[in-house]
Every structure is written in structure tokens, then in C-alpha cells.
1. Modelling each spin label as a point 7 Å along the Cα-to-Cβ direction, I'd like the residue 41/residue 203 distance in nm, to one decimal.
2. Sorted by mean Cβ packing within 10 Å, highest first, what order do the peptides 31-39, 241-249, 167-175 take?
Amino acid sequence: MHTFPVAYWGNNLHKANCLGWWSFSSGATLTDSSGNGNSLTVQNAGSGNQSTSSGFEGYGWNFGAGSDNTNLYTAVNSAFAPSTSKSISVVGWVKLGGGTSTEAYNSIFGLGPDITRGSGGYAPALTWQIHANASSVYTSAQLVYLSGASSQATSGAPLPPVGSWAMIAMGWDAVQSKYWSWCSSSLTAKTLSGVITLYAPPNPRLQIGSIGSTGAFDQCPGAVVDEVSVWNVPLSIAQLQWLYNNGSGRQYSGLLT
């Protein structure tokens, strides 16, 4: 059975292990608060896809339900590539709206969405998705990864609630060779079992919202995201709960130096 790693420095975290932090605190300014220079770029922003003052902490970013090919992404950065010896974690706050989607798979976070597959769709190395059923109602969440460059596998993830903020996290634990996901709404973690063949994306980047331009990953759930961060360690349960901070969340300034 997979066990989460012990906290490296107790329950709290150091700025040195944060690869990027985006708080959207200045409206449309999508700069990286960590000082690592990983600013976000807006792709195909349209109606309902924009900065909003109704974020978790001040401003956030709103995605309209079912928005095609609309996302925020960083430039290619090798720091965002998991490897057999390098762990990575992605954390963020999300509030699902009451809107629905006609797309079965709606992406929130993704790493390395650079692989063209099928009818032109893009598959990421790792992505967190919200599933909508035939009635366009959000029913489940899943973590999707590539097992090798051409094989895709999925596993369930905790489903964030509709209409209230939740902190979600996903990552790759290089020590135990496991992908994992976590959600504050259930305070539980899920991991993928079995042998994992890691696929390290050749053009790694963080992507928030839809993954790619067509295919199964091209739409966003109706959601607002805020306080997104990427880490170079497999976060422990204690560290995730420290970031969650009893529902109040922490900002980059609260990390240890």
C-alpha cells in the first residue's frame, strides 16, 4: 500500500521547494509570486474566462463551463518535468460552479500537455479532470497519466464540491513510483496502484484549464481557481493540511525561508 512521505521539515514548507506560485492578486496580472519567473500566459480567453475579484483570496481566475481550448499556461520549463528521480506536486484552490459541460472530461490542472494523440487531441503527462455524465452534471473526478508515450490510464480522485472552495492536489512520488491525488473536502488521498512507467514530457509546463486544442481534454469545468502552486517534493498529508490551514489557506509569504 502506498503511504505518503513524512514531512521533510515538520508540517510547514520552505520557499526553496516552491517552483511557482500564482495568486492572481492583481487582477489580470498572472505573475509568479515565487520569484522564479514562471508567469502564466492566457490562451483564447473569451466570455466568462477572465480574472475575477471573487477568488479564494482576493482575485482568482474564472473559467466558463465547457469552454473550448481556454487555459492559462507557463512557458516550457524543465523544472515541471517529473522523472524517475524527481518528484513533483501541484496544489490549488478550486470552486466548481453550478454550470454544466457537454464535454465528458474537463481539465483543471495539467503537466506537460504536449503529446498529440487520436484525432488531434493532446494528452498530458498528468492531469486532474472533472467528469460530466450524459446529463452534463459533474459526477466524479479522476487523475489521468501517461504510462509510456502512447498509453493512457485513469484512476478515481476525490470530487470537489459544487459551490464551495476546496483545495486539491496531485503529484508524482519518485521514491515510491506512485501518482497521487488529494482533496480537502474529504481529507483523504487516493493513489494509483500497479507498476507505473513514468512518461517525462519533453516540453514540460504547467497548464490550468483545458489541455490542448481538440479531443477529450479541450474543455474546462465551470470553475474559479486560485492560489495555485507547484513543488519539487511529494507533499505529505501533514504539509497539505498545513497549506489548507483549516480552510483558510496559506499564501506564498507564509512559507519558511
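Only the coordinates and a few stated rules stand behind these numbers; no lab work does. Because the structure is predicted, anything quoted here is derived from the model rather than measured. Virtual Cβ from ideal backbone geometry, glycine too; neighbours counted across all protein chains shown.
1. Using points 7 Å along Cα→Cβ, the separation is 1.0 nm.
2. Per-residue Cβ counts within 10 Å, averaged per peptide and sorted highest first, yield 167-175, 31-39, 241-249.
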